[in-house]
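Novice: Below is one structure. I have some questions about it.
The values are calculated or read from the model by the stated rules, or taken from the named source; none is laboratory data. No experiment lies behind these values; they were computed from the predicted model shown. We place every Cβ from the backbone using ideal geometry, glycine too, and count neighbours over all the protein chains shown. Side chains included, ligands, DNA and RNA excluded: accessible areas come from the protein's heavy atoms. Shrake-Rupley method; radii C 1.70, N 1.55, O 1.52, S 1.80 Å.
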Amino acid sequence: MVQLADVCSYSIRRYLEKSEDTLFNEIFKVADKKNGKVVGARHFTMNHCTCKVCQAHR
Ligand SMILES: [Zn+2]
């Protein structure tokens with residue numbers, strides 16, 4: 001399970017830092033949601049960020 005967590009964090013980091021989204025898309029589509037809003041992943045950055053993580057959380 002630790003290795004699975006490593007893959008998740010690696011894919012999110014590669015997406016946010018290098019815009020690589022192939023692996024990220026597969027993992028992000030199963031992120032935990034509450035009332036249609038993604039709560040299983042967060043991106044703590046500037047308020048006007050337009051990445052997929054921030055858009056799915058708004
Ligand atoms: Zn963001």
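Novice: Just for region 25-38: of the residues that are within 19 Å of LEU4 (Cβ to Cβ) and of a type outside the set (Lys, Arg), which one is nearest to the chain's Cα centre (by Cα)?
Specialist: PHE28
Novice: Pick out, from the chain, the helices (runs of 4 or more DSSP H) lying fully within it that include 1 or more residues that are of a type in the set (Ser, Thr, Tyr), open to solvent by less than 60 Å² (accessible area, probe 1.4 Å) and within 15 Å of the ligand (Cβ to nearest atom). Don't jump to the end; show me each part of the working.
Specialist: Details: elements: 2-18, 22-28, 52-57.
In the chain, 2-18 are the helices (runs of 4 or more DSSP H) which contain 1 or more residues that are of a type in the set (Ser, Thr, Tyr), open to solvent by less than 60 Å² (accessible area, probe 1.4 Å) and within 15 Å of the ligand (Cβ to nearest atom).
Novice: Another question about this same structure. I'd like the full set of residues that are in contact (Cβ under 8 Å) with a residue 24 or more places away in the chain and touching an Asp or Glu at 6+ places or on another chain (Cβ under 8 Å), limited to region 20-40.
Specialist: none
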